[in-house]
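A quick write-up on the structure given underneath.
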Amino acid sequence: MRVVTAAARPWTAPVATGPVTAPVRLPGSKSMTARALVLSALADGPSTIVRPLRARDTTLMATALTALGSAVDTTDAERWTVTPGALRGPATVDVGLAGTVMRFLPPVAALADGTVTFDGDPHARNRPLRPILDALRALGATLDAAETGGLPLTVHGTGGIEGGEAVIDASGSSQFVSGLLLSAPRFTKGLVLRHEGPPVPSAPHLRMTTHMLRAAGAVVDESVPDVWRVEPGALHGHTWAIEPDLSGAAPFFAAAMVTGGAVTLSGWPWESWQPVDTLTDLLTRIGARVQQCEESLTVRGTNRLHGIEADLSEVSELTPVIAALAALADGPSSIRGVAHIRGHETDRIAALARELRKVGAEVTEHHDGLDITPGPLRGASFETYADHRMAHAAAVIGLKVSGVELTDVACTSKTLPEFPELWAGLVTAPDPGPATTTGS
């Protein structure tokens, strides 16, 4: 089935004619920007978000919080300011295709005084939402959802939520937990949230949530596995310094690996809230050399890509790019632990299997991952399914395979509107010669 966005724009991925060697400066992390926006809107005073990501997902979040009563000033691209206001309805929230908006904001809406309705892109209605809604009901919220348990959704806010104890199966998305935790300090009784079910994926994103909650003044106890305790209390205004988006950097790092070049991500902090160690281990196993300096992260290709066996449950957003590298590797790969990405912007497991076969790889689909055996690759029309990560995978393959046409490159606006221009510029950038670094 062909799936395109309203502004679908076919695009032929550029082929690299030599090593890709260039510095890259990318916008801020989507995950950090989304959390900073929510915490700022729930705070007791103004906040500043430095180097945020301006993309579809974060713009939808800012617009929704404005509709709920906050003043979000995004006129300065480098510094957004958020002045919290009384949460109120009636309001309408367009979630687009953003999991952060559809899962982080229903608890905020339950704190509002008035009715808040949620809906989004057609595929958003297929994304899982029931676990967080059931937990909200158990905590005292009143809401009406579609028969499927998801969008469209109406939250009948009464100006507060009692909170207390709730049990959730968050195996489908760590965002179910993060969404509840972010609002929990504002619950009358706080929150004791217990996960029961298969392991929660994307654990680094949960750690990001609890770190940012503490930075805003919340008291959070996560000492017991699969149990989170948040005390009721005020969240404080804060200055949030947003790191470059590590998941968004992955295709650019892959470009260095595929072409035997070197890509340096500037502005990278020495200590990060993102899973840089996990990414470093993965890329090194595939064949890269990774070096972190005081304010940068550099990935160098070695002209060899190795097949790997990898559990990507903690870094599932990397699956499409890792799968693309696997299709270009010198041997077979096995990716597991990512069953939950079937509920992302598209069923990413099925989509990757289908599209990688079209370009010539042998792929076996499993319920929680893929086996990928490289083959003679060929150009093809690569369906992106309105999914930015699928577009990234196609672009990586296109570096080595001519004639890879993305059905819709505009879907990358979800997290990086400048992607087509940045990518084309990266591929055609002149080699600046040996890189120089400081630190180690």
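The values are calculated or read from the model by the stated rules, or taken from the named source; none is laboratory data. Here the structure is a predicted model, which means the values were calculated and not measured. As a convention, Cβ positions derive from the backbone with ideal geometry for all residues, glycine included, and neighbour counts pool all protein chains shown. Please note that ligands, DNA and RNA were not included when accessible areas were found on the heavy atoms of the full protein model with its side chains. Shrake-Rupley method; radii C 1.70, N 1.55, O 1.52, S 1.80 Å.
Test each condition in (1) more than 18 Å from Pro106 (Cβ to Cβ); (2) at pLDDT 95 or above for Ile132 and report the one that comes out false.
Every condition holds for Ile132 apart from (1).
Among the numbered criteria (1) open to solvent by 40 Å² or more (accessible area, probe 1.4 Å); (2) among the hydroxyl-bearing types (Ser, Thr, Tyr); (3) under 17 Å from Phe419 (Cβ atoms), which single criterion is violated by Thr75?
So Thr75 meets the others, but not (3).
Return the residue satisfying two criteria in turn: it lies in segment 226-277 and is open to solvent by 20 Å² or more (accessible area, probe 1.4 Å) and among the β-branched types (Val, Ile, Thr), and of such residues it is nearest to Ala288 (Cα to Cα).
Ranking the qualifying residues of segment 226-277, first place goes to Thr264.
If you go through segment 145-167 one residue at a time, do you hit one that is open to solvent by less than 40 Å² (accessible area, probe 1.4 Å), assigned to a helix (DSSP H, G or I) and at pLDDT 95 or above?
no
Could you look through segment 215-252, keep only residues that are within 17 Å of Val263 (Cα to Cα) and among the hydrophobic types (A, V, I, L, M, F, W, C), and pick out the one that is nearest to the chain's Cα centre (by Cα)?
Among them, the one singled out is Leu246.
Each row is one residue, and each column tells you yes or no for (1) more than 22 Å from the chain's Cα centre (by Cα); (2) on the phi > 0 side of the Ramachandran plot; (3) at pLDDT 95 or above.
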| position | (1), (2), (3) |
| --- | --- |
| His340 | no, no, no |
| Gly360 | yes, yes, yes |
| Thr384 | no, no, yes |
| Ile397 | no, no, yes |
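Does Gly197 qualify as being open to solvent by less than 40 Å² (accessible area, probe 1.4 Å) and outside any helix (DSSP H, G or I)?
Taking the combined requirement at face value, the residue does not satisfy it.
Considering segment 362-382 alone, what residues qualify as being open to solvent by 10 Å² or more (accessible area, probe 1.4 Å) and touching a helix residue (DSSP H, G or I) at 6+ places or on another chain (Cβ under 6 Å)?
Those that are open to solvent by 10 Å² or more (accessible area, probe 1.4 Å) and touching a helix residue (DSSP H, G or I) at 6+ places or on another chain (Cβ under 6 Å): Val363, Glu365, His367, Asp368, Pro374, Ala380.
Somewhere in segment 411-421, is a residue touching a helix residue (DSSP H, G or I) at 6+ places or on another chain (Cβ under 7 Å), among the basic types (Lys, Arg) and at negative phi?
Scanning segment 411-421, I find at least one residue that is touching a helix residue (DSSP H, G or I) at 6+ places or on another chain (Cβ under 7 Å), among the basic types (Lys, Arg) and at negative phi, so the answer is yes.
Could you list all residues from segment 61-89 that are within 24 Å of Ala184 (Cβ to Cβ) and basic (Lys, Arg)?
Result: Arg88, single match.
Being surrounded by 24 or more Cβ atoms within 10 Å (Cβ to Cβ) and closer than 17 Å to Leu246 by Cβ: is that true of Arg348 here?
no
Give the residues of segment 279-330 that are touching a helix residue (DSSP H, G or I) at 6+ places or on another chain (Cβ under 7 Å), within 24 Å of Glu345 (Cβ to Cβ) and either without any contact (Cβ under 8 Å) to a residue 40 or more places away in the chain or of a type outside the set (A, V, I, L, M) (or both), sorted by residue number.
Matches in segment 279-330: Leu279, Leu283, Ala310, Glu314, Ser316, Glu317, Thr319, Pro320.
Of the residues that sit in segment 90-129 and are more than 20 Å from the chain's Cα centre (by Cα) and open to solvent by 40 Å² or more (accessible area, probe 1.4 Å), which one is nearest to Ala184 (Cα to Cα)?
Top of the filtered list is Asp113.
Test Arg9 against the criterion of being in contact with a Ser or Thr (Cβ under 8 Å, 6 or more places away or on another chain), outside any strand (DSSP E or B), more than 20 Å from Phe187 (Cα to Cα) and open to solvent by 10 Å² or more (accessible area, probe 1.4 Å), and give yes or no.
no
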